[in-house]
Amino acid sequence: MTTYHQEGQMQLPRADAIRSRLIDTFSLIEHLQGLSQAVPRHTIRELLDPSRQKKLMLGDQHQLVRFSIKPQRVGQISHAQRLLSKLHVRCSQRPPLSLWAGWVLECPLFKNFIIFLIFLNTIVLMVEIELLESTNTKLWPLKLTLEVATLFILFIFFLEILLKWLSNFSLFWKSGWNVFDFVVTMLVRIEILRVPLVG
């Protein structure tokens, strides 16, 4: 079915439908642009005041929120930021341990320190293996120093695992890398307890 217009132009029904849709869309855009420039009717103090809040909610619910058409996202939301958001919603005075643990684990300084300890631990273990068979009594202070360094590094690795547990215990066990890290740390601990220190 075709329709004819005044100047003898023929217009198809589909083109008429598209034209109608475009007019509706532009009308909606003009309406939304007018809303984005509108001034909110209520202040934040009125919204936070419990006595006025109930009155506002009963009176004019649609004027309480002003929406932005273009949402802005700075970057990817981290796990610690998500926990921090939950914290602000709850209005807690002190952050929970899980949030603190997440902050520590995501801190670049802590991550770099753990990487440094992994390399240091590799070097310490290589030197310990070389000195293991030595019976020279002059090397005993070095052996003792290496044993203390190994125990310190192991303590820091246990601390890292504990922080990961505090941050999110269930996610810890879902990561293959974390499980591997846990098993290696436990095997090193068992090995250290099995081998006597010096002598």
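Structure notes:
- Environment charge at residue 155 (Cβ cut-off 14 Å; Lys +1, Arg +1, Asp -1, Glu -1): -1
- Rough spin-label spacing in nm, given labels placed 7 Å along Cα→Cβ, for residue 142 and residue 159: 2.8 nm
- Coupling constants for the range 173-187 follow from the phi torsions by the Karplus curve (6.51 cos²θ - 1.76 cosθ + 1.60, θ = phi - 60°), and in residue order they are 7, 7, 9, x, 5, 5, 5, 4, 4, 5, 5, 5, 4, 5, 5 Hz; glycine and proline get x.
- Label positions at residue 14 and residue 183, each projected 7 Å from the Cα along the C-beta direction, are separated by 6.1 nm.
- Inter-probe distance in nm under a simple model that places probes 7 Å from Cα toward Cβ, at residue 175 and residue 123: 2.6 nm
- Cleavage-rule hits (GluC sites (Glu not before Pro)) in the range 104-143: DSSP loop, at most 10 neighbouring Cβ within 10 angstrom: 133
A short reminder: the numbers here are calculations on the coordinates, not readings from a lab. From a predicted model like this one, the values you see are computed outputs, not experimental measurements. Here Cβ is always computed from backbone atoms with ideal geometry, including for glycine, and neighbour counts include all displayed protein chains.
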